[in-house]
Amino acid sequence: MSKPQLVRRTTRQPVRTRVEAHITISVEVRPTESIDKVRTCLSNLFSLRDEPQVVESQQEGIKLLVYETDDIHVLDKLRELLRRQQILDASRAQLLRSKSDNQLSFFLNKQVAYVGRVSFSAPVGESALGPIRVTIQSDAIDLIIDWLAPPTVGGRVVERVEIR
């Protein structure tokens, strides 16, 4: 993947660029849970084009729902929810803490996702039935963070980034 140039502007016109990324979304389905309800959690937060795959876990009775794609726009719904819930600053801080080199990995609360809301979670302990794990691999992680949760001043977006 070639590393795109990040162009910063403070104008109202969005910075538009093309980004290559590989996104993996996975979530455990415990024996007491309905696979359909866990699918609903995913479809409430992500713009899924296909059904997630059901994979048997190494832990007895636990299945995994896994969705993999190279389409960055699977994150469109999440991006919109961050704005609608007015949690851009907190989300940005969490995303920045969750990045390393060419990877961004963060967790979302599954129960909160079921009602169509976003709440970041720890990998263990915070979400009784396990969190949703999102992993993004790209040479443009900083640009993806700017697109998902751009910097703000006084609650207003400083610069908009649009990804094609």
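Annotation note: Cβ proximity below 6 Å between a residue of the stretch 102-117 that is more than 15 Å from SER34 (Cβ to Cβ) and a residue that is among the acidic types (Asp, Glu) (sequence gap 6+ or interchain) occurs for ASN102/ASP139. Selection of first residues in the stretch 120-146 that are in contact (Cβ under 8 Å) with a residue 12 or more places away in the chain and of second residues that are of a type in the set (Ser, Thr, Tyr) and part of a strand (DSSP E or B), restricted to Cβ pairs under 6 Å at least 6 apart or on distinct chains, gives the following pairs, ordered by first then second residue: SER127/SER121; PRO131/SER121; ARG133/SER26; THR135/THR24; THR135/SER105.
If we scan the stretch 104-112, do we find a residue that is small (Gly, Ala, Ser) and in contact with a Leu (Cβ under 9 Å, 6 or more places away or on another chain)? Checked the stretch 104-112: no residue is small (Gly, Ala, Ser) and in contact with a Leu (Cβ under 9 Å, 6 or more places away or on another chain).
Look at ARG117 and say whether it is part of a loop (DSSP other than H, G, I, E, B), touching a helix residue (DSSP H, G or I) at 6+ places or on another chain (Cβ under 8 Å) and either surrounded by 14 or more Cβ atoms within 10 Å (Cβ to Cβ) or at negative phi (or both).
yes
Annotation: ASP139 fulfils all but one of (1) of a type outside the set (A, V, I, L, M, F, W, C); (2) at pLDDT 95 or above; (3) more than 26 Å from VAL29 (Cβ to Cβ); (4) not in a loop (DSSP other than H, G, I, E, B); the unmet one is (4). Has the stretch 87-102 got any residue that is at pLDDT 95 or above, in a loop (DSSP other than H, G, I, E, B) and loosely packed, with under 14 Cβ neighbours inside 10 Å? Looking for residues that are at pLDDT 95 or above, in a loop (DSSP other than H, G, I, E, B) and loosely packed, with under 14 Cβ neighbours inside 10 Å, one finds none in the stretch 87-102, hence no.
Candidates are the residues of the stretch 122-136 that are at pLDDT 95 or above and not hydrophobic (A, V, I, L, M, F, W, C); the one that is surrounded by the most Cβ atoms within 10 Å (Cβ to Cβ) is PRO131.
If you go through the stretch 47-56 one residue at a time, do you hit one that is modelled with pLDDT of 95 or more, in contact with a strand residue (DSSP E or B) (Cβ under 7 Å, 6 or more places away or on another chain) and not in a loop (DSSP other than H, G, I, E, B)?
Within the stretch 47-56 (the criterion being modelled with pLDDT of 95 or more, in contact with a strand residue (DSSP E or B) (Cβ under 7 Å, 6 or more places away or on another chain) and not in a loop (DSSP other than H, G, I, E, B)), the answer is no, since none of the residues qualifies.
Residues that are in a helix (DSSP H, G or I), touching a residue at least 40 places away in the same chain (Cβ under 8 Å) and surrounded by 15 or more Cβ atoms within 10 Å (Cβ to Cβ): does the stretch 57-71 have at least one? Scanning the stretch 57-71 turns up no residue that is in a helix (DSSP H, G or I), touching a residue at least 40 places away in the same chain (Cβ under 8 Å) and surrounded by 15 or more Cβ atoms within 10 Å (Cβ to Cβ).
The values are calculated or read from the model by the stated rules, or taken from the named source; none is laboratory data. Quantities reported herein were computed from a predicted structural model and do not represent experimental measurements. Backbone-built Cβ (ideal geometry, glycine too); neighbour counts: all protein chains shown.
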